[in-house]
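Here's the structure, in structure tokens; my notes come after.
The values are calculated or read from the model by the stated rules, or taken from the named source; none is laboratory data. Treat the numbers as computed from the prediction; the structure is a model and nothing was measured. Every residue, glycine as well, gets a Cβ built from its backbone with ideal geometry; the counts of neighbours run over all protein chains shown. Accessible surface areas use protein heavy atoms only, side chains included; no ligands, DNA or RNA. Shrake-Rupley method; radii C 1.70, N 1.55, O 1.52, S 1.80 Å.
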Amino acid sequence: MGIFSKVMRAARRRSPWVYVLNAGSCNGCDIEIGACLSPRYDLEQIGGLRQGSPKHVDILLITGPMTLRSAEAVRSIYEQIPEPKAVVAVGSCPATGNVFAGSPTVEDGVLRRIPVDVFVPGCPPRPQAILAGIREAADLLAQGKTGASLKEVQHG
Ligand code: SF4
């Protein structure tokens, strides 16, 4: 591996930039993600930044069960994120649909639309678990192992 690639991998581990996408959640998980941005949990302490454009990030944080109306937008936003990239599914909804499962307006999870690298279960998960999921995704990016396996992150 060249020196440039080594520097890029180290940078991805130390400064994961994230884009947050609500694919039909009840907003509970989004509120916990908001807490991660607050001074108490402070995503910036692990070098993370929330960005407003998917074209500028390494990690997609996705919440919700994937409604039929959001599915194409989710795919489009995923494709706008440059490689290498990682996807963190926040909460139980992206995995199974959770309380929305069986509804005619949802797809019962995001896996049919985009590959997910890290699941953070919970309804909603705690901010500490979401930060652990972001750290796990940053490690996978740094190791060049995104898309290879599905990790589940528990905390507390
Ligand atoms: S996992 Fe729970 S809190 Fe999060 S979006 Fe689904 S229902 Fe809401």
Difference of contour (0.36 nm per residue) and Cα-Cα distance, Ser53 to Glu152: 33.0 nm
Portion, in percent, of the accessible area of the chain that falls on carbon or sulfur, probe 1.4 Å: 52 percent
Cα centre as origin, Lys/Arg/Asp/Glu Cβ charges: the chain dipole, Debye: 420 debye
Reach of Lys85 by Cα under 20 Å, taken over aspartates and glutamates that are not fewer than 8 positions away in the same chain: Glu44, Asp58, Glu72, Asp117, Glu136, Asp139, Glu152
Exposed-site-free run, longest, the chain (rule: trypsin sites (Lys or Arg not before Pro); DSSP loop; at most 16 other C-beta within 10 Å): 70-111
Extended-chain gain in nm, criterion 0.36 nm per residue less alpha-carbon gap, Asp139 and Ser103: 9.4 nm
Where only alpha carbons of segment 1-131 are counted, the Rg and the Dmax (Å): 14.8, 51
Under the Karplus curve 6.51 cos²θ - 1.76 cosθ + 1.60, θ = phi - 60°, whole-Hz ³J(HN,Hα) for segment 111-118, x wherever Gly or Pro sits: 5, 6, 9, 9, x, 10, 9, 9
Amide hydrogen neighbours beyond the local backbone of Lys151, cut-off 5 Å, H modeled: Val118, Phe119
Accessible-area order (highest first, 1.4 angstrom probe) of the listed residues Tyr78, Tyr41: Tyr41, Tyr78
Relative contact order, percent, the chain [alpha-carbon distance under 8 Å, six or more residues apart]: 26 percent
Whole-Hz couplings from phi, Karplus 6.51/-1.76/1.60, listed for segment 35-52; x for Gly and Pro: 5, 5, 8, 7, x, 5, 9, 6, 3, 5, 5, 9, x, x, 9, 8, 10, x
Heavy-atom surface of the chain, accessible at 1.4 Å and reported per residue (Å²): 50 Å²
